[in-house]
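The values are calculated or read from the model by the stated rules, or taken from the named source; none is laboratory data. All of these numbers come straight from a predicted model, not from anything done at the bench. Cβ: placed from backbone, ideal geometry, glycine included. Neighbour counts: every protein chain shown. These area figures cover heavy atoms from the full protein model, side chains too; ligands, DNA and RNA do not enter into them. Shrake-Rupley method; radii C 1.70, N 1.55, O 1.52, S 1.80 Å.
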Amino acid sequence: RGSEDSWTTTPKELDAVTAAARQAEGGQRQETPPPQFGGGGTDRKLFDQILRDPARRDPRGYVIPASQPDFPTATKFVNALIKSGVDVHRATSAFSAGGKQYQAGSYVVKTAQAFRPHVLDMFEPQDYPNDLQYPGGPPKAPYDNAGYTLAMSMGVVYDRILDPFDGPFEKVPDLLAKAPGGAVAGGGGWLLSGRYNDAITAVNRLLAAKVSVSRLGRDAVGYPAGSFYIPGGGAKAVVDRLAEEKGLRFESASSPGTAAVPLKPVRVALWDQYGGSMPSGWIRWLLEQMEVPFTVVYPGRLDAGDLRKDFDVLIFPDGGIPAPQGGVAMGAFGRQPAADEIPAEYRDRLGRVTAEKTVPQLKAFLEAGGRIVAIGSSTALARHLDLPVTSHLVERTSGGQVRNLPRDKFYVPASLLEVAVDTTAAVAWGMPSKSLVLFDESPVFDLDPGAIVSGQVKPIAWFASAQPLRSGWAWGQAYLEGGIAAAEAKVGRGTLYLFGPEITFRAQPHGTFKLLFNAIMNAGM
């Protein structure tokens with residue numbers, strides 16, 4: 001399979017056939033059974049037009065161009081495929097496929113192979129059916145993610161090739177220990193693109209080696225804002241290793257002058273709790289992989305205050321901040337033990353984040369110039385701080401009351417949705433103007449227009465369409481249109497970043513890692 005034309009029939013395509021059959025019959029049947037083709041059933045033309053549309057064929061393969069902005073991340077995706085048994089090839093010279101030209105080094109994944117279903121899952125959108133408890137009732141929750149297309153969530157650029165193709169391809173024999181394509185041009189100074197996720201690794205490694213690094217705060221010398229400048233001299237050895245290991249390209253450049261702002265090491269703190277938080281654990285692993293120095297902090301340290309003395313950035317994953325109406329953080333579960341029930345070295349991890357003790361310390365941290373990254377339910381911090389941020393996912397009842405949208409009207413389990421991004425915002429440097437986010441019953445915001453005009457709050461990403469779903473399931477997705485997915489707010493001399501979607505979910509959505517990385521690196525400007 002995969003070596004001849006084939007089609008994957010999805011629930012939405014079957015719904016389209018049903019709707020077309022109903023329309024052809026004048027809309028007489030209120031309930032149309034699943035289509036039956038032939039033998040007096042649904043017109044065969046509908047089968048050919050919808051279920052065998054040539055444009056909807058399964059691809060014969062995929063090409064991952066070597067020319068994309070963050071090829072090292074594409075290489076990480078390829079390694080994920082290889083590790084799970086997928087055959088991946090690499091072009092030894094330039095070739096053409098699907099009417100496009102590709103350069104040497106591009107990856108090729110054919111679908112005519114043993115793990116074909118998995119290949120399709122990793123590249124093609126999932127189409128989760130509208131699974132309701134009963135007709136007109138609320139949706140039934142899936143066991144786990146509804147949409148998990150890894151190439152999409154990692155922000156990998158790839159092309160679907162529908163017709164047979166071949167070229168100068170060689171099989172990648174094993175996991176790629178180093179990302180290919182790295183290069184260092186010249187030696188008087190270098191510019192590094194902010195579109196690389198691994199730029200944060202490069203910056204931290206260079207700063208640890210006492211090498212000066214600056215970031216362009218505005219467009220200059222042909223490079224966009226967010227690029228990094230490294231002077232020549234003693235940095236050459238570190239730069240060479242980064243190019244070889246990470247596949248980063250360092251372009252020769254003279255100093256960009258006043259456009260470059262020197263960076264300093266950033267002191268990062270990551271919230272956690274006794275008993276553990278899975279979202280925090282994944283971020284911990286991610287920071288370790290990207291060589292970001294950080295400290296894990298527990299509620300007791302947060303409640304002690306004077307946070308600005310030790311930290312520049314605080315990270316609160318989903319579940320770290322309690323809802324404003326009181327109670328403990330959503331991430332907390334089960335009874336915490338008494339202090340005398342656990343070894344002494346773990347007792348300082350006990351406690352919960354509370355509105356009464358912790359939030360005032362977080363406010364003081366922000367006012368003193370600190371930065372807080374709040375993800376998922378932890379964006380409730382905006383309400384604790386009385387910022388002009390409200391929920392977008394509400395409706396007004398017949399009695400005039402405002403309530404959250406009920407599940408029978410709106411429900412989006414973990415799925416990939418498209419958002420528009422303000423790429424001029426420093427926290428979004430290096431991201432494309434349209435990006436995919438992992439949305440898992442996530443918060444969506446409305447911002448007070450007056451606060452936007454005054455600069456107190458600023459939208460970073462928003463839902464610009466009534467149909468943002470790209471992979472998974474989004475029941476009632478039209479309600480998302482116009483809602484804010486990510487924003488930043490000024491609090492005193494500090495900044496609060498609000499990321500409703502799960503931008504670090506299980507360390508998988510590389511396409512949104514820059515939101516976290518920029519928030520960290522820019523604190524050093």
Query - Within the stretch 246-256, considering residues that are surrounded by fewer than 22 Cβ atoms within 10 Å (Cβ to Cβ) and under 15 Å from Val203 (Cα atoms), the one farthest from the chain's Cα centre (by Cα) - result: Arg249
**Report entry** Odd one out for Ser377 among (1) crowded, with 19+ Cβ neighbours inside 10 Å; (2) more than 31 Å from the chain's Cα centre (by Cα); (3) hydroxyl-bearing (Ser, Thr, Tyr)
**Finding:** (2)
Report task. Identify all residues within the stretch 194-242 that are of a type in the set (Gly, Ala, Ser) and either part of a loop (DSSP other than H, G, I, E, B) or touching a Ser or Thr at 6+ places or on another chain (Cβ under 6 Å) (or both); write none if there are none. Result -> Gly194, Ala209, Ser212, Gly217, Gly222, Ala225, Gly226, Ser227, Gly232, Gly233, Gly234, Ala235
Query - Residue within the stretch 418-439 that is under 20 Å from Pro139 (Cβ atoms) and either assigned to a loop (DSSP other than H, G, I, E, B) or among the acidic types (Asp, Glu) (or both) present - result: no
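Yes or no, residue by residue, for (1) among the charged types (D, E, K, R); (2) over 19 Å from Val203 (Cα atoms); (3) in contact (Cβ under 8 Å) with a residue 40 or more places away in the chain:
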{"site": "Thr258", "(1), (2), (3)": "no, yes, no"}
{"site": "Pro262", "(1), (2), (3)": "no, no, yes"}
{"site": "Pro265", "(1), (2), (3)": "no, no, yes"}
{"site": "Trp271", "(1), (2), (3)": "no, yes, yes"}
{"site": "Ile283", "(1), (2), (3)": "no, no, yes"}
{"site": "Val292", "(1), (2), (3)": "no, no, yes"}
{"site": "Leu302", "(1), (2), (3)": "no, yes, yes"}
{"site": "Gly305", "(1), (2), (3)": "no, yes, yes"}
Report summary line: Going through the stretch 81-111 in order, the residues found to be open to solvent by 60 Å² or more (accessible area, probe 1.4 Å) and either closer than 18 Å to Leu416 by Cβ or touching a Lys or Arg at 6+ places or on another chain (Cβ under 9 Å) (or both) are Gly98
Query - Single match in Gly399, Gly492 (criterion: at positive phi and surrounded by fewer than 23 Cβ atoms within 10 Å (Cβ to Cβ)) - result: Gly492
**Report entry** Residue tally, condition closer than 27 Å to Leu216 by Cβ, surrounded by fewer than 23 Cβ atoms within 10 Å (Cβ to Cβ) and modelled with pLDDT of 95 or more, over the stretch 436-455
**Finding:** 0
Query raised in the report: Can you pull out the residues in the stretch 346-364 that are within 14 Å of Gly275 (Cα to Cα) and open to solvent by 40 Å² or more (accessible area, probe 1.4 Å)?
Result: Tyr346, Arg347, Asp348, Arg349, Arg352
Report task. Out of Ile342, Ile372, report the one residue that is modelled with pLDDT under 95 and either of a type in the set (Phe, Trp, Tyr) or open to solvent by less than 30 Å² (accessible area, probe 1.4 Å) (or both). Result -> Ile342
